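Computed from the coordinates by the stated procedures, all read-outs in this text should not be read as laboratory data. Please read these numbers as outputs of a predicted model, since none were measured by experiment. Here Cβ is always computed from backbone atoms with ideal geometry, including for glycine, and neighbour counts include all displayed protein chains.
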Amino acid sequence: MKTSIKLAALFLLVSTGLFAATAAKAEGSVVPPSKAEITFSSLPSHKGIEVKVENANAEKAIVMIYDQDQNVIYKDALPSYKKMEKGYVLNQLANGDYTIEVIASKQVVKKEIHVYDEDRTRVFIVKE
């Protein structure tokens, strides 16, 4: 009889612990989707721009470059990694204004780029 009471108490204790652990895990697993961190910087050669995406959800990122008439002149997909970076050489673009757009984790970041000639060199400025 003592053994069956101890066994029943142990079973009750284990089942209560499992129920509490499952409830805690369910509450803790509701995590809001995080946004990607998207940054832009100059390439070391100063002939283009580097796009860096740190994505906690490891989803692919889309990079598009538009001309001043909003025509897509370049489209690229970065693979699904938590950290992605890629450089884009802009010295072949004609003088004018362009937009670079990065889409990652349902987030869109756009930057304006102005391309012009200075002392026989193609120069670009990323507007903030």
Other-chain or far-sequence residues with amide H under 5 Å of Ile113's (modelled H): Tyr98, Thr99, Ile100, Lys127
Backbone N within the range 86-103 under 14 Å of label point (7 Å from Lys60 Cα along the Cβ vector): 103
Under 5 Å, built H, 5+ apart or other chain: amide partners of Leu90: Gly48, Ile49
